[in-house]
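K.L.:
Have a look at this one.
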Amino acid sequence: MERSIETALFTRRDFVRAASVGPAAAWLAACGRAGDAGSSGETDAGIGAGGEAERPPRWVKDPSPFIQRVTNLETRLELIDGFITPNELFFVRNHSPTPTIDPEGYSLRVEGNGAQTELRLDLSTLESLPRHTITAYLECAGNWRGLYPELTGIRASGGQWTTGAVGCAEWSGPSLATVLDLAGVRSETVDVNLVGLDGSGFERAMPLAKARDPDTIIALRMNGEPLPADHGFPARSVVPGWSGSNSIKWLGSIQLSTERVWNRNNTSSYVLIGDDWPEADYAPAQGGPITELVVKSALALPRPARLAPGHHVLHGFAHAPAGPVSAVEWSLDGGATWLEAEIVEPILPLAWQRFELEWDATPGAHTLTTRATDAAGNTQPNEPLMNEKGYLLNVPLPHPVRVG
């Protein structure tokens, strides 16, 4: 049964006492990291055949339904018909192969100069905390990056995702704020840095205010099941509306800092680099660090698609960081005229939105374009957000379709 934060099982004082006197073995963290750190995911180079047999498996789930990209698995949106993305079809964004973590030895550290007390929380303790459930989409900031050449004539650096680095699931676990309160937060705390137990030790910091958002959670379950290994078992953060890089998988450490935290993932990666973001304005970052995502929409069709002539009911998915999506339009003439698509319930503020459109397809080559608008009036822009690494591309997306 879901419980509100007010029904915590014990107080912070009780919790600190228990953490202080419990057997040391109960707090030992175990991470079976894959020996090869693998690709950072910033490039999409293939893994050579030589030595492949010696490499550990990159994923636990069956990769065959996906577009495989080094350590990443891109969802084929045409396989997603319902509102929720099934666990077995949810995209995987890894910076190294999926690690194996022993739940019996796992612990989550809460530490740093912004914490009043350092804690080690085992899995059973995390499970005992008041649980918060949200339905939210996650998206890699580089989603659509592989479409830059088609849409702008420029190839951006990084993994060449098309439209499938996004998915929507039900996530459940304690709020991050609940765990912070157990340790106590010093008044001068500025940032909360989350660090994963994967081979790359992936980390990302966020302001304390975002960490305290009630919908920023430590997820222990995904679509009603314990987190799958590829999605962060036994615990991960979920930060709705922000770049997926903030939703740290295999969460091992929560670091409270009284100073702004800078690391690779907010100085050279996941930052907007280009003429519009001069490095001097964002030092020590090379450009504007990415936090919130952008309004987007895409059809759930292969790219390019082939259809038989006749009547079709097509669907797709739209999402906005400050949702919900309030309207989706589609065009057959490059945006000269727009038709209204139908928003399909449920409509939830943190989730993506399924939409449908009806089309009487005639033989020949066609291009369908979609455009989403959120409840605040934010819509997909006509001009792309130009940056060297191709983040946050969200112009109205033309989708080629051959009929016949």
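K.L.:
As an exercise, use a Förster radius of 25 Å and the Cβ-Cβ distance of Ser157 and Glu88 to find the FRET efficiency, rounded to the nearest 0.05. If you can, show how the numbers build up before the last one.
P.N.:
Numbers: r = 30 Å, r/R0 = 1.22.
About 0.25, to the nearest 0.05.
K.L.:
With a 10 Å cut-off between alpha carbons and a GNM built on the chain, which of Pro302, Pro130, Pro363 moves the most?
P.N.:
The residue with the greatest mean-square fluctuation here is Pro363.
K.L.:
Right, next: Using +1 at the C-beta of Lys and Arg and -1 at the C-beta of Asp and Glu, which of Val239, Ile347, Ser326 has the Cα lying farthest in the positive direction of the dipole of the chain?
P.N.:
It is Val239, whose Cα lies furthest towards the positive end.
K.L.:
Given springs between every Cα pair under 10 Å in a Gaussian network model of the chain, which of Leu307, Leu151, Leu108 has the largest fluctuation?
P.N.:
Leu307
K.L.:
Additional query: With a 10 Å radius around each residue's Cβ, average the other Cβ atoms per peptide and rank 330-338, 271-279, highest first. List each step's numbers first, then the result.
P.N.:
Numbers: 330-338: 13.7, 271-279: 15.9.
Averaged packing, sorted descending, gives the order 271-279, 330-338.
K.L.:
While we're looking at this one, here's another question. Of the DSSP beta bridges with both residues in the chain, give the percent that are antiparallel, rounding to the nearest 5.
P.N.:
Roughly 90 percent of the beta bridges in the chain run antiparallel, per DSSP.
K.L.:
Sort the following peptides by mean Cβ neighbour count (other Cβ atoms within 10 Å, averaged over residues), highest first: 66-78, 135-147. Before the final figure, lay out each step's value.
P.N.:
Working: 66-78: 21.1, 135-147: 25.4.
Averaged packing, sorted descending, gives the order 135-147, 66-78.
K.L.:
Still on this structure, I have one more. Between region 215-287 and region 329-349, how many Å separate their Cα centres?
P.N.:
Measuring centre to centre over Cα atoms gives 31 Å.
K.L.:
Run the accessible area of region 205-322 with a 1.4 Å probe and give the carbon-and-sulfur part as a rounded percent. Walk me through the numbers before you get to the answer.
P.N.:
On the way: 2090 of 4090 Å².
Taking all protein chains in place, region 205-322 shows 51 percent carbon and sulfur surface.
K.L.:
What is the helix-to-structure angle for 12-21, meaning the angle in degrees between its Cα long axis and the longest Cα principal axis of the chain, kept from 0 to 90 and rounded to the nearest 10?
P.N.:
That helix lies at roughly 70 degrees to the long axis.
K.L.:
Dipole of the chain, Cα-centred, from +1 at each Lys and Arg C-beta and -1 at each Asp and Glu C-beta, to the nearest 20 debye? Don't skip to the end; give the middle numbers.
P.N.:
On the way: 32 positive and 48 negative charges, 144 e Å.
The dipole magnitude comes to about 700 debye.
K.L.:
Would you work out if the chain is rounded, prolate or oblate? Take a ≥ b ≥ c from the square roots of the eigenvalues of the alpha-carbon gyration tensor; rounded if a/c is under 1.5, else prolate when a/b is larger than b/c, oblate otherwise. Could you put the intermediate results ahead of the total?
P.N.:
On the way: a/c = 1.76, a/b = 1.68, b/c = 1.05.
Cα axes put the chain in the prolate bin.
K.L.:
So what is the relative contact order for region 54-177, in percent, with contacts set as C-alpha pairs under 8 Å and at least six apart?
P.N.:
On the way: 181 pairs, mean separation 32.3, N = 124.
RCO, region 54-177: 26 percent.
K.L.:
Can you pull the one-decimal nm distance between simple spin-label points at Arg264 and Glu104, each 7 Å off the Cα toward Cβ?
P.N.:
A separation of 3.3 nm, rounded to one decimal place.
K.L.:
So, one more: Find the centroid of the Cα atoms in region 83-110 and in region 354-404, then give the distance between the two in whole Å.
P.N.:
Each part's Cα centre sits 31 Å from the other's.
K.L.:
Out of the total accessible area of region 108-181 (probe 1.4 Å, heavy atoms of protein only), what percent is carbon and sulfur?
P.N.:
Values: 870 of 2060 Å².
Carbon with sulfur: 42 percent of the solvent-accessible area.
K.L.:
Given contacts defined as C-alpha pairs under 8 Å and at least six residues apart, what's the relative contact order of region 177-244, whole-number percent? It would help to have the intermediate numbers written out before the result.
P.N.:
Numbers: 63 pairs, mean separation 16.1, N = 68.
Computed over region 177-244, the figure is 24 percent.
K.L.:
Over the chain, calculate the relative contact order: mean separation of alpha carbon pairs under 8 Å at least 6 apart, over the residue count, as a percent. Mind showing how you got there, number by number?
P.N.:
On the way: 1027 pairs, mean separation 63.8, N = 404.
About 16 percent, as a whole number.
K.L.:
Enumerate the calculated ³J(HN,Hα) couplings along region 311-320 in order (Karplus 6.51 cos²θ - 1.76 cosθ + 1.60, θ = phi - 60°), each rounded to whole Hz, writing x wherever the residue is Gly or Pro.
P.N.:
Using θ = phi - 60°, the values come out as 7, 9, 9, 9, 9, x, 9, 10, 7, 8 Hz.
K.L.:
Can you work out D for region 262-324 in µm² s⁻¹ from Stokes-Einstein, where Rh is the Kirkwood radius over C-alpha pairs, the temperature is 20 °C and the viscosity is 1.002 mPa s?
P.N.:
Working: Rh = 14.9 Å.
Answer from the Stokes-Einstein relation: 143 µm²/s.
K.L.:
Using a Gaussian network for the chain with springs between C-alpha atoms less than 10 Å apart, which of these wobbles most: Lys210, Lys249, Lys296?
P.N.:
Lys210
K.L.:
Hey, another quick one. Accessible area per residue for the chain in Å², computed with a 1.4 Å probe and the full protein assembly in place, what is it? Walk me through the intermediate numbers first.
P.N.:
Values: 16500 Å² over 404 residues.
Per-residue value: 41 Å².
K.L.:
Quote the charge dipole size of region 315-378 about the Cα centre in Debye, to the nearest 20; the model charges only the Cβ of Lys and Arg (+1) and of Asp and Glu (-1).
P.N.:
Working: 2 positive and 9 negative charges, 52 e Å.
For region 315-378, the charge dipole is close to 240 debye.
The values are calculated or read from the model by the stated rules, or taken from the named source; none is laboratory data. Since the structure is predicted, the reported quantities are computational estimates derived from the model, not experimental observations. Heads up, the Cβs are rebuilt from the backbone with ideal geometry, glycines too, and the neighbour counts pull from every protein chain shown. Surface accessibility is based on the protein's heavy atoms, side chains included, excluding ligands, DNA and RNA. Shrake-Rupley method; radii C 1.70, N 1.55, O 1.52, S 1.80 Å.
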